[in-house]
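Engineer: Got a structure here, written out as structure tokens. Questions coming.
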Amino acid sequence: MHQRTMHRRSPLGRPRGGRALPVVASLLAAALLLGACGGGSAGTGANGGKAGGGAASAPVELTVIAGWAGAEQSQFMPVLKEAEKKLGIKITYRIYRAEDLANVLPPQFQAQQAPGDVIFMWDWWVKQNHQYAEDLTDIWQPQASQFTVPAAEVDGRVYALPYDMNVKPGFWYRKSFFEKNGLQPPKTWDEFLALLEKISKIPGVRKPIVSGDGTGWPLTDETEHFLITFGGPELQKDLIAGRVKWTAPRVRDIFQSRLIPVLQYSSAPIEWTQAIDLWWNGQYALYFMGNWITGMVKDPNDLGFFPLPGAKGIVGATDYLFVPKYGAHVAEAKKLAAFLISREGQALRVRQGGGKLSPRRDVPLDQAPAVDRMVAEQIKGMEILPDLDDSIGGDWQRLFWDQLKLLWVQPSSLDRVLRTLEQAREQQSTSGK
Amino acid sequence: MIAVGIVWPAVQTIGLAFVDAHGRFVGLQNFVSVLQNPETVDLGRFPFHSPPWGSLLHNAVWIVLHLPLSVILGLLLAVLLQRAHGAAFLKGVVFLGMVIPMIVGGVLVRFLFDEHAGVVNGVLRAVGLAAWARTWTDYPQTALFALILGSVWLWTGFAMLLYSAGLTAIPRDYYEAAAVDGASPWQQFLHVTVPGLRPMTTVIVAMTVLWELKLFDLVYTATLGGPGGSTLVLALQMYFYGFRALDPNRAAAVATLLSLLTLAVGVGFVRSSREGA
């Protein structure tokens, strides 16, 4: 990218004398204006120039964008390394959160530019912006039957492919902590409350449950688990579709009689990675989190988890990838996308651990580390449900995170929270955004 | 460049505020919608209930608290450090807050008041107020005030630096004459220093109020306007409308309101400067 920029600038040469500077500046300004007005020609953009613009022998360089950092990034990199070998390309990995990409991408696409060649993004977002995404139907169709989750489709065409799946299976604990304190995973709701009471009396424990924060999403995962357990999997689907109101008595009752009694045993929201350390060190005993936590602790074999007693479904969040239209190397990007969702690419990712389950049926469980196999075994028979706030999306998602942060520290505001959520949901449904 | 980069986008924004999603003229409807929204003004809660009070009132509270605190603290530091040993170093330390990007400042403020890692709670525990130790930004009762206090730390360096420059411009003769007349140090401060710094105070107040009105980055990273909207400010609300709700018309209405408020401050500043000249 830099080299191309340098090459474009070099013919201007070094300004000579005092009059050269305005001339150079004018030319640059004119070039910028023309570039902006023209909106970029086909094949330009993405990485700033035409495909194959460099020397013939130089490998094509693709940029992959995803939100994984830290351990998750380390687990993803071997997959990209393998893709580089297989496809004879170079890959640069960049971290952008989906929340930021949602703001950054539309204006870039409108200017026919793309910051990456393969981008991981929410499926609902890609559907909304499918006009900027490459049609991946040809990659998807031959292997669609192998997948347990759908691709992101609009009018029968596929624009985003499922890559990996995380589940939010329940409350995590350290087996060593439970053994040391004579604790057992609960089998009934009363046992769950009794467990919380017992933990709260253990010296050195601040609260039985640590609540993860950040932008607020960990609280939504826990809330959804309560809604699914006590309202059934259908309630999750109905809330996503807007068929049930947030102010409905059955929804309110789950909050009032199930979630709120548990909040007295929960910490105030704590930045979610900091919460992992506090929980692991024994200041808290339980942590509701997705199974990516298995890749973030010192000893995954010390991990155990339990869903709320009676849960018949859990949330499975799928990461989707798409190829923007304005990448410099669309053909190569499609090849990379095909590799990433292939049996080989999926098996390689699953072997790296970190709780990433494959949405492919033909990637056997024995490829995964022991802790991930344990999760897969324990959730067998449960219905895998879409993530509620990811599915609804838009500003409602941000509002849901924020209102739950309020509820966690001020349970008395329940009715106001539910009213706010319902009003915003209705407004979003009306505006169609 | 000004026409292309500033005037035209401003005109476009104002135009957007008066039309609906289909481009039809709707008069003041977007403004009414914004101002009637409790997210903007919630008089039912203000001032007897804890925040959220609405973004407009949060900005107003910010001005009412942050402005005097940072201006007075900046003035005191400038006066105290005027002839102190190592003044340059100390001023540098205080000014560090201004050098830090506000987006980073927001993260710092958040951790400053964190229950487990925060300095503020560490101090509270050390002085026997452990019961008060909690993550201040988590609670609607304290989040707004935590952000305001944190931003005082970040902004005081600005006032201190300008006042330090202003102090060097007050002739020493004034102080000597006041001393000969028997004025105490406090009287000298009140009757020589404060009037002598009046032009500087005008600049500091105007710049600080403008910053308080356009405040965005610090709140974005510290609390994202939460919990429950209790730290929402106008610029953040505009961003949520524009980029999360994808409603450019209401976003433009908030932007126009914000511009009118900043314009009022700007006009006041110019008038005040002319009167002082």
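The values are calculated or read from the model by the stated rules, or taken from the named source; none is laboratory data. Everything numeric here is computed off the predicted structure, so don't read it as measured data. Please note: Cβ atoms are built from the backbone with ideal geometry, for glycine as well, and neighbour counts cover all protein chains shown.
Engineer: Run down A:272, A:280 and say which single residue is closer than 19 Å to residue B:134 by Cα and within 14 Å of chain B (Cβ to nearest Cβ).
Structural biologist: It is A:272.
Engineer: List the number of the failed condition for residue A:234; all other conditions in (1) acidic (Asp, Glu); (2) more than 27 Å from the chain's Cα centre (by Cα); (3) more than 26 Å from residue B:115 (Cα to Cα) hold.
Structural biologist: Answer for residue A:234: the failing condition is (2).
Engineer: Applying the selection to the range B:192-241, what residues are within 14 Å of another protein chain (Cβ to nearest Cβ), surrounded by fewer than 21 Cβ atoms within 10 Å (Cβ to Cβ) and farther than 14 Å from residue A:402 by Cα?
Structural biologist: Listed by number, the residues that qualify are B:216, B:217, B:239.
Engineer: Taking residue A:357 and the conditions (1) within 14 Å of another protein chain (Cβ to nearest Cβ); (2) under 16 Å from the mean Cα position of the chain (by Cα), which numbered condition does it fall short on, given that it satisfies the others?
Structural biologist: All conditions pass for residue A:357, except number (1).
Engineer: Could you list, in sequence order, all residues of the range A:399-433 that are among the charged types (D, E, K, R) and surrounded by fewer than 23 Cβ atoms within 10 Å (Cβ to Cβ)?
Structural biologist: If the condition is that a residue be among the charged types (D, E, K, R) and surrounded by fewer than 23 Cβ atoms within 10 Å (Cβ to Cβ), then A:415, A:416, A:419, A:422, A:425, A:426, A:433 are the ones that fit.
Engineer: So, in the range B:132-170, of the ones that are within 14 Å of chain A (Cβ to nearest Cβ) and in a helix (DSSP H, G or I), which residue ends up farthest from residue B:103 (Cα to Cα)?
Structural biologist: B:132
Engineer: I would also like to ask the following. Could you name every one of the helices (runs of 4 or more DSSP H) located completely within the range A:325-410 that has at least 1 residues being in contact (Cβ under 8 Å) with a residue 24 or more places away in the chain and aromatic (Phe, Trp, Tyr)?
Structural biologist: Hits in the range A:325-410: A:330-341, A:394-409.
Engineer: Next question. Let me confirm something: among A:395, A:389, which residue is more than 11 Å from chain B (Cβ to nearest Cβ), of a type outside the set (S, T, N, Q) and over 30 Å from residue A:142 (Cβ atoms)?
Structural biologist: A:389
Engineer: Something else about it: Any idea how many residues of the range A:210-239 are outside any helix (DSSP H, G or I), touching a strand residue (DSSP E or B) at 6+ places or on another chain (Cβ under 9 Å) and of a type in the set (Val, Ile, Thr)? Let's see the steps before the verdict.
Structural biologist: Of all residues in the range A:210-239, those outside any helix (DSSP H, G or I) come to A:210-216, A:232.
From what's left, touching a strand residue (DSSP E or B) at 6+ places or on another chain (Cβ under 9 Å): A:210-214, A:232.
Of the ones still in play, those that are also of a type in the set (Val, Ile, Thr) are A:210.
Going through the range A:210-239 one residue at a time, the tally reaches 1.
Engineer: Continuing with the same structure: Filter the range B:1-47 for residues that are within 12 Å of residue B:250 (Cβ to Cβ) and of a type in the set (Asp, Glu) and give the result.
Structural biologist: Within the range B:1-47, B:20, B:39 qualify.
Engineer: Let me ask something else. Please pick out the residue among A:66, A:111 that is small (Gly, Ala, Ser), touching a strand residue (DSSP E or B) at 6+ places or on another chain (Cβ under 6 Å) and modelled with pLDDT of 90 or more.
Structural biologist: Answer to the check: A:66.
Engineer: Ok, one more. Taking the residues in the range B:161-195 that are closer than 18 Å to residue B:83 by Cβ and polar (S, T, N, Q) as candidates, determine which candidate is nearest to the chain's Cα centre (by Cα).
Structural biologist: Top of the filtered list is B:164.
Engineer: On the given criteria, is residue A:104 under 20 Å from the mean Cα position of the chain (by Cα), modelled with pLDDT of 95 or more, farther than 30 Å from residue A:311 by Cβ and β-branched (Val, Ile, Thr)? If you could, list the steps in order and put the result at the bottom.
Structural biologist: On the way: under 20 Å from the mean Cα position of the chain (by Cα): yes; modelled with pLDDT of 95 or more: no; farther than 30 Å from residue A:311 by Cβ: yes; β-branched (Val, Ile, Thr): yes.
No; evaluated as a whole, the condition is false for this residue.
Engineer: Also, I was wondering about something else. So which residues in the range A:65-79 are closer than 16 Å to residue A:344 by Cβ and either surrounded by 20 or more Cβ atoms within 10 Å (Cβ to Cβ) or within 14 Å of chain B (Cβ to nearest Cβ) (or both), if there are any at all?
Structural biologist: Initial filter on the range A:65-79 (closer than 16 Å to residue A:344 by Cβ): A:76, A:78-79.
Result: A:76, A:79.
Engineer: Working carefully through the options B:79, B:104, find the one that is within 18 Å of residue B:236 (Cβ to Cβ) and surrounded by fewer than 20 Cβ atoms within 10 Å (Cβ to Cβ).
Structural biologist: Being within 18 Å of residue B:236 (Cβ to Cβ) and surrounded by fewer than 20 Cβ atoms within 10 Å (Cβ to Cβ) holds for just one of B:79, B:104, which is B:104.
Engineer: Answer yes or no: is there a residue in the range A:413-431 that is away from every other protein chain (no Cβ under 14 Å) and on the phi > 0 side of the Ramachandran plot.
Structural biologist: No, every residue in the range A:413-431 fails to be away from every other protein chain (no Cβ under 14 Å) and on the phi > 0 side of the Ramachandran plot.
Engineer: Related question: Would it be correct to say that residue B:41 is under 23 Å from the mean Cα position of the chain (by Cα) and surrounded by 15 or more Cβ atoms within 10 Å (Cβ to Cβ)?
Structural biologist: Details: under 23 Å from the mean Cα position of the chain (by Cα): yes; surrounded by 15 or more Cβ atoms within 10 Å (Cβ to Cβ): yes.
So residue B:41 fits the description; yes.
Engineer: To continue, here is another question. Find the helices (runs of 4 or more DSSP H) located wholly in the range A:134-209 whose residues include 1 or more that are among the aliphatic types (A, V, I, L, M), and list them. Write out each step before concluding.
Structural biologist: Values: elements: A:137-140, A:175-180, A:189-200.
The qualifying helices (runs of 4 or more DSSP H) are A:137-140, A:189-200.
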